[in-house]
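Have a look at the structure below before the remarks.
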Amino acid sequence: MEKIEHVYVETNGIKLHVAQKGPKEGEVVLLLHGFPEFWYGWKHQITALAGNGFRVWAPDQRGYNLSDKPKKVREYQMDYLVEDIVGLIKQTGKEKVFLVGHDWGGLVAWKVAKEYPELINKLVILNAPHLSAMSKHVRKHPSQLLKSSYILFFQLRGIPEKMVSRSD
C-alpha cells in the first residue's frame, strides 16, 4: 500500500498542508477534521477510502497543525474557512467532490455545500447539526445552550491558551 503524501496547497491567500492518498484518477473525497484535531484524525479512513479507489485529500484547516495560521482573528470567520475549502476543491482538478466533515469541519462542510452545491457530489456530516436544525432545537430546548457553551470559552482571547499551556 502506498504511503500518505504530504503536500502544501495554496488557497484563499494561505497555504494548507494536505495529506493525500489514492489513485490520482480516482474520485476525490475531501475530509474536514474537527476541533482540536488535524488530518491525522482521518488516518484509518484515508487508507480505507484510498484502498477503494478514491483520491483522498485531508487538509489541516486554517490555523491547525502544519497549515498557515493567520494572525488576525477575523481571518478565521466562516467565510474564510469556506473559501479555503472551495479553493481546495477547485485545485483537485475534479468538477465535484465527496465532502466529509466532522465536528467543526462539519459546520464548514454544511456551509460549503449550501453556498457551492455545484462543487459537491455527496455531503457527509459527522457530529455536527445542520445550522437551522440546531437553531430550532435550541428554541425548543434552551438547555442545549448550556451544553454547547464550551464553544464560547474558545472565543475568550488568550484564556484558553493559558489554561491549556498551564498543564503543558
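Here are some notes:
- Test: residue in segment 83-103 that is of a type in the set (Asp, Glu) and touching a Gly at 6+ places or on another chain (Cβ under 6 Å): yes
Yes or no, residue by residue, for (1) assigned to a loop (DSSP other than H, G, I, E, B); (2) in contact with a Leu (Cβ under 9 Å, 6 or more places away or on another chain); (3) closer than 21 Å to Val9 by Cα:
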{"residue": "Trp57", "(1), (2), (3)": "no, yes, yes"}
{"residue": "Ser67", "(1), (2), (3)": "yes, yes, yes"}
{"residue": "Asp84", "(1), (2), (3)": "no, yes, yes"}
{"residue": "Gly101", "(1), (2), (3)": "no, yes, yes"}
{"residue": "Val108", "(1), (2), (3)": "no, yes, yes"}
{"residue": "Lys114", "(1), (2), (3)": "no, yes, no"}
{"residue": "Met134", "(1), (2), (3)": "no, no, no"}
{"residue": "Val138", "(1), (2), (3)": "no, yes, no"}
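- Verdict on Lys122 being open to solvent by 60 Å² or more (accessible area, probe 1.4 Å), part of a strand (DSSP E or B), among the basic types (Lys, Arg) and in contact with a strand residue (DSSP E or B) (Cβ under 9 Å, 6 or more places away or on another chain): yes
- Screening the candidates Val100, Val56, Val82 for the property of being hydrophobic (A, V, I, L, M, F, W, C) and either in contact (Cβ under 8 Å) with a residue 60 or more places away in the chain or open to solvent by 30 Å² or more (accessible area, probe 1.4 Å) (or both) yields one hit, Val100.
- Residue check, Val73 touching a residue at least 40 places away in the same chain (Cβ under 8 Å), open to solvent by 70 Å² or more (accessible area, probe 1.4 Å) and on the phi < 0 side of the Ramachandran plot: yes
- Checking each residue in segment 1-55 for being of a type in the set (D, E, K, R) and in contact with a Phe, Trp or Tyr (Cβ under 7 Å, 6 or more places away or on another chain) picks out Lys15, Glu27.
- Residues being at pLDDT 95 or above and surrounded by fewer than 18 Cβ atoms within 10 Å (Cβ to Cβ) - total across segment 28-42: 2
- Every listed requirement among (1) acidic (Asp, Glu); (2) out of contact with any Lys or Arg (no Cβ under 7 Å at 6 or more places or on another chain); (3) farther than 22 Å from Lys3 by Cβ is met by Asp60 save one, (3).
- Condition check for Gln45: open to solvent by 10 Å² or more (accessible area, probe 1.4 Å) and part of a strand (DSSP E or B): no
The values are calculated or read from the model by the stated rules, or taken from the named source; none is laboratory data. Remember, it's a predicted structure, so these values are computed and weren't measured experimentally. Here the Cβ is made from the backbone with ideal geometry for all residues, glycine too, and neighbour counts use every protein chain on show. Just so you know, the surface numbers come from the protein's heavy atoms only, side chains and all, with ligands and any DNA or RNA stripped out. Shrake-Rupley method; radii C 1.70, N 1.55, O 1.52, S 1.80 Å.
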